[in-house]
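Q: Here it is: the structure, laid out below.
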Amino acid sequence: MTDLGQAVAVITGAGSGIGRALAQELALHGAKLALADVDGTALEETRKTLEKTQVETYVVDVSDPASVESFVRHVEKDFGRVSLLINNAGVALYGTFAEISIAEMDWLMRINFWGVVHGCKFFIPLLQREPEAHIVNVSSVFGLIAPAGQTAYAASKFAVRGFTQALRQELIDANSNISVTCVHPGGIRTSIADNARAGAATRVDDQMEARERFNKVVRTTPEAAARTIVNGIMRNQARVLIGPDAYQIDLFQRLMPVRCGSVLAKVMEKRAPRKKKAPSVIGAATKGESAGS
C-alpha cells in the first residue's frame, strides 16, 4: 500500500503506546482514522493529538466478537470503507506457568490472540472491496523466542505469528487484494510492562523486579516503532522487526534455536542485573548464633 493519503485505517489499542503513535503517523500521511480501545478516556486523549484528518473513536472490547462486529458496522456507517487494519491491542501477564491460573491465561489469549482473529474475520469483507488493502498484526519478539516467566504472553504472540503467516499465504493463494504484515517489536517505551498483570501466585517483589528490569533495557520509542511499521506497510513487507534488540533476538533464534533463550537471559542479566535476594533468617545466622527467636 503506497498511497496512505487515500487510506481509511482501523487501529485497535489506539488509546496509548504504539497504537497512539500509529494514529499520529498515519494522520501525517493524510489517512482517515477509525480508532478503537477499551479505554474511552485514553481514546479521547489520542484524538486531541490529531489534526487535519477525519477521526472517529470507538470503545471496543476486542476479546468479544459481538463488540468487534458492532465496531465494523459503525465504521462502515461512518466511513463507508476500510483499506488498512492494524490489530495492535494487547496486554501482558507476568508469571511462570505454575504461578498463573487458567482464567488469567484465558483473559490474555482472548485479547492478544482472539482480538487479532476477530479483527481479521469481521473486517476482511470490507477490505476485500478495496482495489488494494492491508492487514497488520502485531506480534512481539516473544513471538520469536519464549523466555521463562512469559508463558502466557509468548503463547499468545507465537499464535499471532502463526495465524498471520498462514493467513498471508492463504490470501496470496487466492490472488487477494489484501496484503498482510506481521510485526515483532522489541522493547518499546510504552506502559505495557507497568500495566502488566501478575499471576495470582506470583510474588509482588518478582513482578516489580521484572518491571524495573524491562524499563532499564527498552530502547525504542513508540514514535520510532510507528514509523517503522508504516514504512513496512508502504513496502509491503511480510515481516517487520522493530528495534535493535529485535534484530539481535531474531539472529540468535536463527543461529541457536534451542539455546537462544538461555543466551539472551545472560545478556539481559548483564544489562539489568537481578537484585540479590535477601538472605533467609536461617541463612543469615552466623556460627555460634541462633536463627530462632
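We did not get these values from a lab; they are worked out from the coordinates using the rules stated. Given the structure is predicted, the values throughout are model-derived calculations rather than measurements. Cβ atoms come from the backbone with ideal geometry, glycine included; neighbour counts cover every protein chain shown.
Q: Would you mind estimating how fast segment 8-54 diffuses translationally, via Stokes-Einstein at 4 °C and 1.567 mPa s with the Kirkwood radius over Cα pairs, in µm²/s?
A: 128 µm²/s
Q: Lysine pairs in segment 4-276 with alpha-carbon atoms under 26 Å apart, 8 or more places apart or on different chains: how many are there?
A: 17
Q: Residue-wise, which Karplus ³J(HN,Hα) couplings in Hz belong to segment 47-59, taking 6.51 cos²θ - 1.76 cosθ + 1.60, θ = phi - 60°, and x for glycine or proline?
A: 4, 5, 8, 10, 9, 6, 8, 6, 10, 10, 10, 9, 7
Q: Calculate the dipole size of segment 66-163 relative to its Cα centre from +1 charges on Lys and Arg beta carbons and -1 charges on Asp and Glu beta carbons; express the result in debye to the nearest 20.
A: 180 debye
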